[in-house]
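Derivation of every value follows stated rules applied to the coordinates shown; laboratory data play no part. Values in this document were obtained by computation on a predicted structure and should not be read as measured data. Heads up, the Cβs are rebuilt from the backbone with ideal geometry, glycines too, and the neighbour counts pull from every protein chain shown.
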């Protein structure tokens, strides 16, 4: 078949089939999902417009301030660099999913189509949507830059050409890397590790940006110019594309075309290994994945979930869980084993955890010191406790709400084992609640303690006093306990709301973990968390704030009022949400 | 074997998916210790019927009673009496075989001493003794089937429902499964299985039902089915005559 159709025709036919599937899915989407799609499109449109306006203004300002037109060349360099970086990151993960993890591979690779046709069609169909967005985001700054300089058609022609050429190099490198790696490591494992790497990169970036004090202060235009100039590296394809754009629009054009030729040459070189792996190594990786019955033993370690020799714990309540019903304990212990053993889940935890680490580091290195402004110590401690509580609730809530939101979807196609068993809706929902809430309390409490310890440590360093007394004064045990209590109460509400949402919109038929949460569910959960935690958190924090400042009358009355309102709202949120979740149990999995 | 007392009784069982009628008013009565086969062509409604009988799907109308317990009114009590083996054995990849068995035992509140004894015995019986502490993610389809079978037997159910139980099993394991099911039936456990393999149904089942387009087209022993279909030849011929197979002429015209 392939010999008759030719490679290009085969690729086009497969790509067309993929687009038909995507179109049918969109056509049959529910009204609510379409609405969310429209909202996301509007938000993206707004971002795009902002980037257009920003680049236009920046170009005018840079040329005006530095009084030379070349000063604004940093705009296309920055745009191309960002586009290339995003394109490379996306290429690797999308190519991995498209080439190895899609469901129709058995069908396609078992057909008479050549491996190369399947390879390129999967690659193109997988990467086109993501690169469409990336190219749009790259194109708009170029357009703004061109408009600001009153450029003519050679500029826009060169910009279009450069955008078409831009993604080929990162796609070729990313896809080749994927095929070569999957030859030795299973695609699922690579996916887990990539998730970790992406999160680690995000974390590092957050730490670097967060720790850079100069960015927190007023930044001058010259500082900004200095940062943007760092993108100008003669070995970077972004610089080659910029020289092409500048050469064609401002001259000399021959220089511009020379740099475009350099890019095309390097791109062509990168396509040679891609062409080769598509025909030879791709097959090996796929065949490797088909090898069944490989032996997978869990690495033994000191962490509780690494002990496979304690299987009996799943069938008998013991320790602190001994007072709970057996089926509930089975759910809790199963979740506490399955979730941490999957690296994909750990990747999801790292990102919010990075924020927590960032705050701890900031407390250690650059603590917020209300005392410097002459505020009495008695006022400082409650304010710092409120800050710690907010950070701990936010970080622990982000981590554990994700698990609670996917508590039922996470069961996936294995849910039949629970659905067909005699576990009651109450035991199932409460089991899921406890399995997320206990880690939330421990994590939140740990973060509160770490934040206060970091502050105490810093106080000792700055005031030159002994460490232990400084730590004790910095920590303030009473405040920590209250902060922990607030984190636990707010956490209970957040977890319960997440469970209810997850029970109402479960997706048990996912193939990739990101399919567990739909965008509309994610949006809805954020709104509800923010609303609940904002109101209940303020009520619970009111006594702390007002008792010191004595703004609103008697502290005793305020403590009673704040606690009553905060606990009342939380009780309604927890009980109401759990009741909703229990009600949904009958239809989950049908 | 006593077939007098119905262990499973379904009346007017119907399941709708929008306008589509997947199962249309099925009546079944299955006795204690009976091996009962559910046969039918692809899409006939076998799996939907089984999933309703085990409580995975709520019937649109109709009633199901298992061991005297109403599945709709008291689903937990009814489910405690049964075990189910789905056609595709989806398991938790990050649990070991032994952990999965203990997890299921926990869901059924099986006494710990019974779990310890039976899990080891059953894992060894199904040839999983040396792989019991491996993560399930490395298991083949057949090995997963065996894990599910062990988990199904851990709480000594009164009724076992199996959806295409021999798919993916090697001949030795398929034979072992057949022998186990026969022994369980002899000890009073009711076995309800759906299968495409008519030879298995003929050899194993005491009675069977043939479903087509969501309705019962025939029910009884092999001899009774012969009578109902007015056929004296094989079960395959009875099945095809009741469910309607493509005529020779149609096949020839498509293949020509």
Report the paramagnetic label zone for residue B:156: residues of region B:112-134 whose backbone N is under 17 Å from a point 7 Å from Cα along the Cα-to-Cβ axis. B:112-123
Partner shielding of B:87-99, taken as the mean number of other chain Cβ atoms within 10 Å, equals 6
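Averaged over peptide A:481-487, how many Cβ atoms belonging to another chain are found within 10 Å of each residue's Cβ? Show your work: numbers first, answer last.
Details: counts 0, 0, 0, 0, 0, 0, 0.
Counting other chains' Cβ atoms within 10 Å and averaging over A:481-487 gives 0.
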How far, in degrees from 0 to 90, does helix B:97-107 lean away from the longest principal axis of the Cα atoms of chain B, to the nearest 10? 80
Could you sort A:144-154, A:232-242 so that the peptide with the highest average Cβ count within 10 Å comes first and the rest follow in order? A:232-242, A:144-154
I'd like the FRET efficiency for residue A:571 and residue B:21, computed as 1/(1 + (r/R0)^6) with the beta carbon distance as r and R0 of 45 Å, rounded to 0.05. 0.50
Nearest 10 degrees, 0 to 90: helix B:171-186 Cα axis against chain B principal axis: 90
Packing-based ranking, highest mean first, of B:167-180, A:320-333 given that Cβ atoms within 10 Å are counted: A:320-333, B:167-180
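Percent relative contact order of region B:95-152, based on C-alpha pairs within less than 8 angstrom and at least six residues apart? Display every interim value, and only then the final one.
Values: 45 pairs, mean separation 31.5, N = 58.
54 percent.
Kirkwood hydrodynamic radius, computed over distinct alpha-carbon pairs, for chain B: how many Å, to one decimal?
Working: mean 1/r = 0.0522 Å⁻¹.
Every distinct Cα pair counted, the radius reaches 19.2 Å.
Take every residue in peptide B:135-145, count the Cβ atoms of other chains within 10 Å of its Cβ, and give the average of those counts.
Neighbouring Cβ atoms belonging to other protein chains average 3 per residue here.
Under the rule of -39500 (n - 2.57) per DSSP H run of 4 or more residues, summed and divided by the residues of chain B, what mean residue ellipticity at 222 nm is obtained, to the nearest 500 deg cm²/dmol? Show your work: numbers first, answer last.
Numbers: 10 runs with 99 residues, N = 256.
Rounded to the nearest 500, it is -11500 deg cm²/dmol.
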Distance in nm between pseudo-label sites at residue A:579 and residue B:203 (7 Å out along the Cβ direction from Cα): 5.7
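What is the packing order of peptides A:405-413, A:54-62, taking the mean over residues of other C-beta atoms within 10 Å and listing the highest first? Each step should come with its number before you reach the end.
Numbers: A:405-413: 23.9, A:54-62: 18.9.
Packing order, densest peptide first, comes out as A:405-413, A:54-62.
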Among B:72, B:147, B:159, whose mean-square fluctuation peaks in a Gaussian network model of chain B (Cα, cutoff 10 Å)? B:72
Average Cα contact separation per residue, region A:70-169, under 8 Å, 6 or more apart, as relative contact order %: 42
